[in-house]
Amino acid sequence: MAMNDKIADGAASTAGGGPAASGTVVAASGGSAAGEATSAAVSAASGGHEANNETPAQIGEVAAVRREKLRELRESGNDPFREVAYDVTHGSAHIIANFDSMENEPVRIAGRLMSKRGMGKAGFGDVQDRSGRIQIYVRQDSVGEQNYDEYKKYDVGDIVGVAGEVFRTKKGEISIHVSKIKLLAKSLLPLPEKYHGLRDPDLRYRQRYVDLIVNDNVRAAFDMRCRVIRAIRRFLDDRGFLEVETPLLYTLQGGATARPFVTHHNTLDIDLFLRVAPELFLKRLIVGGLERVYEIGRCFRNEGMDVKHNPEFTILELYRAYTDYRGMMDLTEELISTVVLEVTGGHTVNWQGTEINLGRPWRKLTMEEAVLECTGIDFAPPADRRPAAPKILGAVKAYFAAHGIAVQVDDSHSIGELLNLVFEECVEPTLIQPTIIYDYPVEISPFAKRKPGRPELTERFELFITGCEFANAFTELNDPDDQRARLQEQARLREAGDDEANMLDDDYVRALEYGMPPTGGLGVGVDRLVMLVADCYSIRDVLLFPTMKPIT
């Protein structure tokens with residue numbers, strides 16, 4: 001069926017069809033319940049008025065019209081929900097990208113009917129599949145009177161299968177001249193209308209299925225997420241890392257300083273913790289000789305929720321034997337810059353109006369250097385390292401008071417705790433471009449090896465971008481005696497009421513006693529990396545189903 005006639009988009013003024021206004025959505029008729037509904041409901045049922053502009057009563061009326069259509073279909077033996085398959089040959093994006101070689105070729109596509117224009121004896125519509133959207137041209141002379149009458153009763157939102165030939169309209173729109181159209185599933189609720197869409201963020205997150213249907217940028221963000229994760233895996237697989245899976249349910253809390261979720265196993269009659277980090281099991285695998293391992297998986301932390309935090313999130317953790325945190329710095333830079341280049345085509349991304357350059361090398365500062373540069377407070381030797389050293393404590397109190405920072409500090413804070421507190425309050429928000437901060441206090445780094453010559457510090461770094469932590473890495477502590485002492489201190493803090501502190505894990509210490517080689521470890525927040533490259537402000541925009549408080 002060669003497309004020799006030139007057809008104008010949206011105007012059904014072709015041979016065999018009377019004129020219809022371009023862009024007009026005409027209600028289904030032909031004796032169905034739509035003919036008896038109010039004009040507003042009829043238009044809504046066909047895609048004119050839509051959910052966001054309708055009252056609950058009107059939406060209910062629209063749904064009633066659509067259910068009546070479904071009843072008629074079932075009574076006539078054409079129940080769309082009995083359809084089990086449709087032979088799809090091409091996606092819409094492939095057809096559009098390869099039009100020159102596919103013009104006049106037969107194709108079969110399937111997707112959601114997103115609009116209907118014109119009617120009479122011919123009309124246009126748009127079908128959306130996973131890859132995109134393509135225009136269809138449906139003419140009674142081409143599909144037959146019965147199939148065309150069926151099509152006229154379809155609603156925006158219905159799932160359809162389309163067979164036809166590829167052509168270009170007079171206005172240049174790549175389209176499919178339909179020879180057969182089939183209803184594969186009936187949409188019983190109207191979609192949000194085109195111009196107002198689904199804008200309420202809370203409703204978008206709760207009804208992600210509708211959000212994905214109507215918002216192209218949302219589908220693009222989750223496509224980007226998939227590409228980021230594929231690129232991470234490819235990078236690590238190409239460098240000899242082995243992807244593994246470790247438990248989500250723990251008998252002991254450990255691996256990170258965080259409050260866990262607690263559940264109960266009925267058969268064993270024990271409480272279990274959802275993991276806050278996979279670290280300790282992955283390092284057991286290093287002890288076992290696997291040498292290079294990684295895991296991309298979910299972690300759970302029973303803590304606050306904001307634009308950067310969700311109770312469940314995705315993390316990349318990797319461990320490599322025979323390297324240290326300097327090796328992890330190089331690996332982190334190479335990994336993230338390579339992934340960003342692969343998924344965006346460059347090293348520069350725009351995040352919320354700010355240009356972020358992820359090209360190497362990145363800026364690197366010790367935590368002490370960063371605090372001194374930002375606040376003028378010098379924590380480096382020969383500063384007194386005793387807890388609550390008056391000089392340091394006084395300087396911190398004076399700075400906080402002068403800058404309106406409402407955080408209480410006193411002589412219960414150690415110097416390391418004060419250093420980290422000043423960094424988090426004063427420095428971290430200023431780190432917009434990629435910056436590695438290294439040499440962290442031992443008090444907040446229970447699994448990192450001490451820094452030679454500075455035992456109060458550890459060989460640990462974090463990566464900050466847009467004022468937010470993106471990665472955390474150590475030279476891993478492999479001295480079982482030192483590790484046991486630190487975990488015992490964590491257990492003491494836990495007994496004193498700190499529910500984020502780790503428990504003493506005797507089995508992990510036993511693993512270290514068998515001997516773990518010098519090892520570097522790295523954790524990367526996958527969700528935050530996706531937020532950066534997809535230009536999303538909130539973590540909820542990159543989680544398909546973020547945690548939401550139930551509506552009561």
Full-stretch length increase - residue 141, residue 226 - with 0.36 nm per residue and alpha-carbon distance subtracted: 26.3 nm
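So if I take the alpha carbon set of the chain, get Rg, then get Rh from the Kirkwood formula, what is the Rg over Rh ratio? Each step should come with its number before you reach the end.
On the way: Rg = 30.3 Å, Rh = 27.6 Å.
Looking at the chain, the ratio lands at 1.10.
Place the peptides 74-81, 266-273 in order of packing, highest mean first, counting for every residue the other Cβ atoms within 10 Å and averaging per peptide.
Numbers: 74-81: 12.2, 266-273: 10.6.
Per-residue mean Cβ counts within 10 Å order the peptides as 74-81, 266-273.
Kindly sort 424, 373, 279, 500 by accessible area of their heavy atoms, largest first, with the probe set to 1.4 Å. Present the calculation step by step, with values, prior to reporting the outcome.
Numbers: 424 90, 373 115, 279 10, 500 60 Å².
Descending order: 373, 424, 500, 279.
Accessible area per residue of the stretch 77-174 at 1.4 Å probe, in Å²?
Numbers: 4380 Å² over 98 residues.
With the other protein chains kept in place, the stretch 77-174 gives 45 Å² per residue.
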With an 8 Å Cα cut-off and a minimum separation of 6 or more residues, compute the relative contact order for the chain in percent. 12 percent
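Which order, highest average first, do 521-530, 306-315 follow once you tally other Cβ atoms within 10 Å for each residue and take the mean per peptide? Display every interim value, and only then the final one.
Details: 521-530: 23.1, 306-315: 16.7.
The densest-packed peptide leads the list: 521-530, 306-315.
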Sorting 296, 437 on solvent-accessible surface, 1.4 Å probe, most exposed first, gives 296, 437
Tell me, what % of the accessible area of the stretch 257-305 is carbon and sulfur with a 1.4 angstrom probe? 49 percent
Residues in the stretch 220-258, backbone N under 13 Å from the label point at residue 303 (7 Å along the Cα-to-beta-carbon vector): list them, ranges by number please. 255-258
Please work out the FRET efficiency for the pair residue 64 and residue 355, using the Cβ-Cβ distance as r and a Förster radius of 60 Å; give the result to the nearest 0.05. 0.70
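Between residue 424 and residue 207, what FRET efficiency follows from the Cβ-Cβ distance if R0 is 30 Å, with the result rounded to 0.05? List each step's numbers first, then the result.
Values: r = 36 Å, r/R0 = 1.21.
Between residue 424 and residue 207 the formula returns 0.25.
Sort 411-417, 281-287 by packing, meaning the average of other beta carbons within 10 Å per residue, with the highest value first.
Details: 411-417: 16.4, 281-287: 20.7.
Ranked from most to least packed, the peptides come out as 281-287, 411-417.
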Global geometry of the stretch 157-213, whether rounded, prolate or oblate, following the gyration tensor of its Cα atoms and the 1.5 cut on a/c: oblate
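Over the stretch 453-552, average the accessible area per residue using a 1.4 Å probe and give it in Å², no decimals. The partial results should precede the final answer.
On the way: 4060 Å² over 100 residues.
Per-residue accessible area for the stretch 453-552 comes out at 41 Å².
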So for the stretch 441-552, taking the charge dipole from beta-carbon charges (+1 Lys/Arg, -1 Asp/Glu), which of 501, 483, 543 sits furthest toward the positive end? 543
Modelling each spin label as a point 7 Å along the Cα-to-Cβ direction, I'd like the residue 79/residue 363 distance in nm, to one decimal. 6.6 nm
Let me know the charge dipole size of the chain about its Cα centre in debye, to the nearest 20, where only the beta-carbon of Lys, Arg (+1) and Asp, Glu (-1) is charged. 1620 debye
In whole percent, and with a 1.4 Å probe on the protein chains, what portion of the accessible area of the stretch 493-552 is carbon and sulfur? 54 percent
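Before I look further, what does the stretch 389-451 give for accessible area per residue, probe 1.4 Å, in whole square angstrom?
Working: 2700 Å² over 63 residues.
Result: 43 Å² per residue.
When the accessible area of the stretch 53-150 is computed with all protein chains present and a 1.4 Å probe, what percentage of it is carbon and sulfur? Please list the in-between numbers first.
Details: 2290 of 5020 Å².
With neighbouring chains kept in place, the figure for the stretch 53-150 is 46 percent.
Using only alpha carbon pairs under 8 Å that are at least six residues apart, calculate the relative contact order of the stretch 99-140 and give it in whole percent. Present the calculation step by step, with values, prior to reporting the outcome.
On the way: 54 pairs, mean separation 12.3, N = 42.
Across the stretch 99-140, relative contact order equals 29 percent.
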Inter-part gap, Cα centre of the stretch 399-460 to Cα centre of the stretch 164-205, in whole angstrom, is 54 Å
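Which FRET efficiency value, to the nearest 0.05, do you get for residue 261 and residue 97 by plugging their Cβ-Cβ distance into 1/(1 + (r/R0)^6) with R0 = 51 Å? Walk me through the numbers on the way to the answer.
On the way: r = 46 Å, r/R0 = 0.90.
About 0.65, to the nearest 0.05.
Relative contact order (percent) for the stretch 70-178, with alpha-carbon contacts under 8 angstrom and 6 or more residues of separation? Walk me through the numbers before you get to the answer.
Values: 187 pairs, mean separation 29.6, N = 109.
Value for the stretch 70-178: 27 percent.
The values are calculated or read from the model by the stated rules, or taken from the named source; none is laboratory data. Bear in mind the structure is a predicted one, so any value in this text is a computation, not a measurement. Counting neighbours? That spans all protein chains shown, and the Cβs are built from the backbone with ideal geometry, glycine included. The accessibility values were calculated without ligands, DNA or RNA, using every heavy atom of the protein model including side chains. Shrake-Rupley method; radii C 1.70, N 1.55, O 1.52, S 1.80 Å.
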